[in-house]
Amino acid sequence: MSVIYASAGDTVTCENGHPICDFLEDVAVGKIPDLHKQLGNWRQPEPQKGDLPKDHPCAVCGARWFNHPATLGVTFHFQDGWRFQEGKLSCA
Ligand SMILES: [Zn+2]
């Protein structure tokens, strides 16, 4: 059984709620190997291969929507806040 981190159609937003892109498929916790395949419907220019998403803040306001803290893993921001790989799920 894998725990879902994001479901197809979940919208990634910046910290101020601007839509950035959508998840195109269900992604299990710890299974974020190909962001270019898993993210789509970009509302701003898509980061190119080799670019780090964190170097592409919200095009509207400059806020972050992606983080990769060493101890927490890949972290995206959604309408309801930052979704951590584990912290969020323990209360789901
Ligand atoms: Zn924004």
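The numbers here are math on the coordinates, done by the rules we state, and not lab data. Keep in mind the model is a prediction, meaning the values are calculated, not measured. As a convention, Cβ positions derive from the backbone with ideal geometry for all residues, glycine included, and neighbour counts pool all protein chains shown.
In Å and on Cα atoms, what radius of gyration and Dmax does the stretch 4-91 show?
Calculated on Cα positions, Rg and Dmax stand at 11.9, 34 Å.
Once you place label points 7 Å from the Cα toward the Cβ at ASN41 and VAL29, how far apart are they in nm?
Going by the 7 Å Cα→Cβ label model, 2.5 nm.
Can you list the aspartates and glutamates whose alpha carbon is less than 18 Å from that of LYS49, not counting same-chain residues fewer than 8 positions off?
Hits, sequence-local ones excluded: ASP22, ASP34.
Using amide H atoms built in the peptide plane, which far-off residues or other-chain residues are under 5 Å from LEU24 H to H?
Amide H neighbours of LEU24, under 5 Å, 5+ apart: GLY9, LEU39, GLY40.
What residues qualify as long-range amide H neighbours of ALA6, i.e. H under 5 Å apart, gap of 5 or more or another chain, H built at 1.01 Å from N?
VAL27
About the Cα centre, and with charges only on the beta carbon of Lys, Arg (+1) and Asp, Glu (-1), how big is the dipole of the chain? Nearest 20 debye, please.
120
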